[in-house]
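K.L.:
This is the structure I have questions about; it appears just below.
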Amino acid sequence: MKVKLIDIAHGRSGDKGDAGNVGVLAYDDKGYEIIKKYLTEEKVKEHFKGICLGKVERFELPNIRALNFLLHNTLGGGGTVSLKHDAQGKTLATAMLRMELDVE
Amino acid sequence: MKEKIRIASGQGFWGDLIDAPYNQVMEGDIDYLVMDYLAEVTMSILQKQKNKNSEFGYARDIPALMKRILPTCKEKGIKVITNGGGVNPIGCAKAIIDVAKDLNITGLKVAVVVGDDIKERLDDLISIGEELNNMETGESIIPVKENLLSANVYLGAFPIVEALQKGADIVITGRTTDTGLTLAPMVYEFGWASDNYDLMSTGTVAGHILECGGQASGGNFLGDWQSVPDMANIGFPIAEAYPNGDVIITKHESLGGLVSFETVAEQLVYEIGDPKKYITPDCIADFTSIKLEDLGNNRVKVYGVTGEKETDTYKVSCSYADGYSASATLTYSWPQAITKAKAADQILRKRMEKLNLQFDEFNTEYLGYNSCHGPLSKELDEDDINEIVLKVSVRGSDLKSVNRFGKEIAPLILTGPPGVTGFAGGRPKPSEVVAYWPALLKKDVIKTEVKILEI
C-alpha cells in the first residue's frame, strides 16, 4: 500500500551550517510507527538525490512522534555563502513531504 | 519565591514583527520580555555598522521599542532581557538610559554583560594554545584571520542571572545563546542550582521554543496552517514556568495564533542535530526526553525534560569576508516561458565565458518552477505556465568578474529571448560574502563581567 507522507505527517526544516535539518512529525501513533519503520536514511537519501550531496542521519524523538533528519552537504555552502534561493533549507520539509512510502 | 513566572518572547530575529514585543507587554500579564536578535550573520553586520560609527553595533530597534514600553515595564515590574546589544552592548545600554531620561524615568538599572567579544584577543588566545580550528572541517583559522569581521563566544544564562541578582531591570548582552535568555530568569527566580541538569535542560527547552518568536505559536506551521486563527494579529509564545520545572507554553488570549501540541512540537525539531545532545553553555539537553501535553485553550505543558552536565568549552562564532556575490532576476512570460528562460541562461553563460570571467560558483534557478524543490519539482506543461522568473547568481573572489556579471543582465532584454520584463532597480551590485567559522574555546579563558548603568 502506498502512503503519502503528507497525509500522515507534518514537518519543519532549517539549516545547520551546510546541512539541512528536516523534522518530520506524525499526526498520531500509527503514523509514527509507519515513519519509524519506512522513512529510513536510505529512502530519504534516495529521495533527495541531486539535492543532498552528503550523508543522511536520522534521529528518533518518540515522545513527540517525530524523526529528525540531517541532510549533510545540501545548502550550497550554508546560509551566508549559498547562492541558492532557499539557502536556509526552509522548504526542505515540504520537499520531504512529497515522499510516498511503500507500507506492507 | 514566586509561584510562577511568565516569560514572553518578543523577537525571533532582528527584523521580526516590530509590534510583537509591544503587544506582549500591553496585552496581558508577563514578568519577563526576552528578545533574540542575533543570527550567525547578524554579528558581522553589526560589526560593520560599528566600524563606520563607534556608537552603533547593536540592534537600533531597541531604543525605539524601549520608548514605547519602558513606562509600562516600569509600572508593572516587567524585566527585559535581550542579546540585541550585538557588538556594542554598552552603547545599547547607554541609548536605553537616554530614552529613560527623555521619559523622565528614574530608578532604572540597565545591566550589560560583556566578555563574549574575543576579536581583539584572538592572537593572545592562539598564542596560549587555543587553536580555534573550524569545528566542522578541522581547518586552521590562520589563513582567514586577517579577513575576520567578528569573533564571539556564545555565553549562557549565568551572566544574565548575575545581572538579575544585581537588581537589573533590563539586561543587555552581546552573543548570548537564544536559550540562555529564557533559562536565566527561571534560575534567578527559583534558585535552581547550576548542576541540576534536568532543570537547566527544562529552561533550555523552553528557550528553544521561544527563540523563534511566532514560529511556536502558529507561524510557519506546516500542519493544518489554515486552522491558525487571526494570523494577522499573531501573539508570540509565552513560557509560564513553575519552580518544580513544569513549563506551560501559551500566549495572550487577546492575540491571534495557535499554541497546540503540533505547533510546539514543530518548533522543537527546528534546527536541531542529534536530539539527545542539544549542547549549550549551560547543559546538554536531551530533546528525546521532552513530553508535551496539550491542555487546550492555547496551553501546552512541557515536562519530563532531562539533561547532562555542560561541556568545558564555549562555542565560538567567527565571521569573515570571503569574496563577493551578485544576483539578478528576469521574468519571462507565456508562451514557452521556461524554454526562453533557459535559453537566456545559456546566452548569459556564453557571454561570461567569452569574457573569461572567474567565479567559484554560477547558480541558475527558475522561480515558479524549481527554486524550492530542485530535481524533485514536477515537470510542467509549458502551455500551462504563465511566467517564470530566471534567477542567476555568481560568487567568487574576483570583484571585477562579479561586477561585470551585473552589467550583463539588462542587455539580455534587448539581446535575448522575447517576452521578458522585470528588470528594475539598476545593475545588481556585488555584495561582500560573509562566511561563518564555528570553533570551540576552553571556558576558563573567558571572563565575563556585568556592568550596571543607572538612572
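Bear in mind that the values in this text are calculations on the coordinates, not laboratory data. Computed from a predicted model, the values in this text were never measured in an experiment. Cβ placement follows ideal geometry from the backbone for every residue including glycine, while neighbour counts extend to all protein chains displayed.
K.L.:
Can you give the percent of C-alpha pairs in the stretch B:214-308 whose distance is more than 18 Å? Don't skip to the end; give the middle numbers.
P.N.:
Details: 2104 of 4465 pairs.
Here the tail beyond 18 Å accounts for 47 percent of pairs.
K.L.:
With an 8 Å Cα cut-off and a minimum separation of 6 or more residues, compute the relative contact order for chain B in percent.
P.N.:
18
K.L.:
Rounded to whole Å and ordered largest first, report the semi-axes of the equivalent ellipsoid of the stretch A:3-104 derived from its Cα gyration tensor (root of 5λ).
P.N.:
Semi-axis lengths for the stretch A:3-104 are 24, 13, 11 Å.
K.L.:
Please say if the stretch A:22-65 is rounded, prolate or oblate, where rounded means a/c under 1.5 for a ≥ b ≥ c the square roots of the C-alpha gyration tensor eigenvalues, and otherwise the choice is prolate for a/b larger than b/c and oblate otherwise?
P.N.:
Numbers: a/c = 2.67, a/b = 2.20, b/c = 1.21.
Prolate, because a/c is 1.5 or more and a/b exceeds b/c.
K.L.:
Right, next: Grab the other residues whose beta carbon is less than 14 angstrom from that of B:D345, score K and R as +1, D and E as -1, and report the net.
P.N.:
+3
K.L.:
Could you pull out the GluC sites (Glu not before Pro) across the stretch B:318-414 that fall in loop regions by DSSP (anything but H, G, I, E, B) with no more than 15 other Cβ atoms inside 10 Å?
P.N.:
Working: sites: B:E353, B:E361, B:E365, B:E379, B:E382, B:E387, B:E408; in loops: B:E379, B:E408.
For GluC sites (Glu not before Pro) across the stretch B:318-414 that sit outside H, G, I, E and B with at most 15 neighbouring Cβ atoms in 10 Å, the list reads B:E379.
K.L.:
Here's a follow-up. Per the Kirkwood definition applied to all pairs of different Cα atoms, how many angstroms is the hydrodynamic radius of the stretch B:321-436?
P.N.:
Numbers: mean 1/r = 0.0680 Å⁻¹.
That comes to 14.7 Å for the stretch B:321-436.
K.L.:
Tell me the angle of helix B:178-190 to the major Cα principal axis of chain B, expressed in degrees between 0 and 90 and rounded to the nearest ten.
P.N.:
Value to nearest ten degrees: 10.
K.L.:
Can you give the charge dipole size of chain B about its Cα centre, rounded to the nearest 20 debye, using +1 on the beta carbon of Lys and Arg and -1 on the beta carbon of Asp and Glu? Mind dumping the intermediate values first?
P.N.:
Details: 46 positive and 64 negative charges, 311 e Å.
My answer is approximately 1500 debye.
K.L.:
Here's something else I'd like to know. Can you tell me the Rg and Dmax of the stretch B:264-398, counting just the alpha carbons, in angstroms?
P.N.:
In Å, with Rg to one decimal and Dmax whole: 23.8, 65.
K.L.:
Considering only DSSP beta bridges with both partners in the stretch A:2-102, what is the antiparallel share in %, to the nearest 5?
P.N.:
Around 100 percent of the beta bridges assigned by DSSP in the stretch A:2-102 are antiparallel ones.
K.L.:
What 222 nm value per residue comes from the helices of chain B, counting each DSSP H run with n ≥ 4 as -39,500 (n - 2.57) and dividing by all residues, nearest 500 deg cm²/dmol?
P.N.:
-8500 deg cm²/dmol
K.L.:
Take the alpha carbon gyration tensor of chain B, find the square roots of its eigenvalues, order them as a ≥ b ≥ c, and report rounded if a/c is under 1.5; if not, report prolate when a/b exceeds b/c, else oblate.
P.N.:
Here chain B falls in the prolate category.
K.L.:
OK, next. Let me know the longest stretch in chain A that avoids all trypsin sites (Lys or Arg not before Pro) found in a DSSP loop with at most 14 other C-beta atoms within 10 Å.
P.N.:
Between exposed loop sites, the widest span is A:1-48.
K.L.:
Still on this structure, I have one more. May I ask you to derive the relative contact order of the stretch B:328-455, considering only C-alpha pairs under 8 Å and at least 6 residues apart, and to give it as an integer percent?
P.N.:
After rounding, I find 35 percent.
K.L.:
First select every other residue whose beta carbon is under 14 angstrom from the beta carbon of B:K443; then total the charges, Lys and Arg +1, Asp and Glu -1.
P.N.:
-2
K.L.:
Another question, then. To test your reading of the geometry: what angle, between 0 and 90 degrees and rounded to tens, separates the Cα axis of helix A:29-38 from the longest principal axis of chain A?
P.N.:
Around 60 degrees separate the two axes.
K.L.:
Rounded, prolate or oblate: pick one for the stretch B:134-225, where a ≥ b ≥ c are the square roots of the eigenvalues of its C-alpha gyration tensor, a/c under 1.5 means rounded, and failing that, prolate if a/b is larger than b/c, else oblate.
P.N.:
Here the stretch B:134-225 falls in the oblate category.
K.L.:
A further question on this structure: Amide H to amide H, which residues 5 or more places from B:L295 or on other chains are under 5 Å from it, using H placed in the peptide plane?
P.N.:
B:V300, B:K301
K.L.:
Measure nothing fancy, just the Cα-based angle from helix B:337-354's long axis to the longest principal axis of chain B, in degrees from 0 to 90, nearest 10.
P.N.:
80
K.L.:
Any idea how far the Cα center of the stretch B:125-187 sits from the one of the stretch A:19-83, in Å?
P.N.:
That distance is 29 Å.
K.L.:
Which net charge results when you count Lys and Arg as +1 and Asp and Glu as -1 among the other residues whose beta-carbon is under 15 Å from that of B:Y332?
P.N.:
Here the count lands on -3.
K.L.:
On to the next question. Normalised by the residues of the stretch A:30-104, what does the relative contact order come to in percent, with Cα pairs under 8 Å and at least six apart?
P.N.:
26 percent.
K.L.:
Hey, another quick one. What percentage of all Cα-Cα pairs in the protein assembly as shown are separated by more than 34 Å?
P.N.:
Result: 43 percent of Cα pairs exceed 34 Å.
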